[in-house]
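Presented below is the structure to which this report refers.
What follows draws every value from the coordinates through simple rules; no lab data is involved. Computed from a predicted structure; not experimentally measured. Cβ: placed from backbone, ideal geometry, glycine included. Neighbour counts: every protein chain shown.
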Amino acid sequence: MAHIVVPEAEALLDQEIKVLDHGFVRLVDYMGGDARIVQTARVSYGEGTKTIREDTGLIDYLMRHQHTSPFEHVVLELHCKMPIFVARQWIRHRTARLNEISGRYSVMKDEFYVPAPEQIKTQSTTNKQGRGDTEVPPELRRKALDILQRDQSAAYAHYEEMLNDGIARELARINLPLSLYTQWYWQMDLHNLFHFIRLRADSHAQWEIRQYALAVARIAQAVAPQAYASFEKHTLNGKRFSSEEIQVLRGMLDGKPNPLDGRKLREFEEKLYGNEEG
């Protein structure tokens, strides 16, 4: 197989996509693209795939029927800078290779994430993990931002004080807050990257990591535009229903009332009508 060059990806190489106030995602390197997906699929499936005339049709077939292994032959290497609390959500996607900056070896920079005022919101009444849409009074927003910034400044001042006193870096760092920025190099195949985007660009994910997922999606789209279009059609904008939900849909088509209630009803209606809460 020849080395595959994707012009859209080449244009993005080493270009920082800004995220939040100090963060970014940039494409460092990539291996393969849509052509690699097609090549590996045809090796695996043999002559049978020649009945599909276009590469786009083959890629769409693979995505639609969840034949995922050809997508694993496309690999992306990213350099990412994000707050630690975002990194701790990100790291749950374990099918990757990464190397993160170490506070044992390096002095951490005085860079902290401070939310924009419009991101200061109250706890959601329907989502135990996230923020709601209730408008927060300006004075409460200012109070929350002031607390965040005062605590960040104090923590970093104490960190510097311990370093100046000769305390080991690995000890001085331990009181630094989750809003501190970290960096890593992250390598992942396209199949698992799509899984990351599906979960982290979803409206239920925390707003901050969603911004990173959207940046990663832009890079994935540049590397493999046909595969991304199929992923968008069948996964991002598609819905999967349980057997119980399918029975409900059949009943509704026959004019029967929806028997679901509570959380099951909310989740079912989100699939049908979408979810407006961010």
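The table that follows gives values for the structure above.
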| quantity | calculated |
| --- | --- |
| Region 30-156 - Rg and Dmax from Cα coordinates, angstrom | 23.2, 68 |
| Ile91-Leu199 pseudo-label distance in nm [points 7 Å out on the Cα-to-Cβ vector] | 1.5 nm |
| Sequence-separation-based contact order of the chain, relative, with Cα cut under 8 Å and 6+ spacing, percent | 26 percent |
| Segment Leu178-Leu140, extension gain: residue separation times 0.36 nm, minus the distance between their alpha carbons | 11.5 nm |
| Alpha-carbon Debye profile of region 177-278, log10 I(q)/I(0) at 0.13, 0.22 Å⁻¹ | -0.63, -1.17 |
| Contour excess over end-to-end distance, with Cα ends at Val28 and Glu270 and 0.36 nm allotted per residue | 83.4 nm |
| Label point distance in nm, Leu249-Lys128, each placed 7 Å from Cα along Cα→Cβ | 2.9 nm |
| Ile167, Ile174, Ile197 arranged by Cβ crowding within 10 Å, fewest neighbours leading | Ile174, Ile167, Ile197 |
| Sum of -39500 (n - 2.57) over DSSP H runs of 4+, divided by residues of the chain (222 nm, nearest 500) | -13500 deg cm²/dmol |
| In nm, spacing of pseudo-spin labels at Gln119 and Ala154 (7 Å Cα→C-beta vector) | 2.3 nm |
| Across Lys109/Lys143; Lys233/Lys264; Lys128/Lys256; Lys143/Lys264; Lys81/Lys128, pairs whose alpha-carbon gap is larger than 29 Å | Lys128/Lys256; Lys143/Lys264 |
| Equivalent ellipsoid dimensions for the chain as semi-axes, Å, which come from the Cα gyration tensor, largest first | 39, 30, 14 |
| Residue order, fewest to most beta carbons within 10 Å, for Met188, Met108 | Met108, Met188 |
| Proxy reagent accessibility, fewest Cβ within 10 Å first, across Trp90, Trp186, Trp207 | Trp207, Trp90, Trp186 |
| Rounded FRET efficiency, nearest 0.05, which uses the C-beta distance separating Arg240 from Leu260 and R0 of 22 Å | 0.85 |
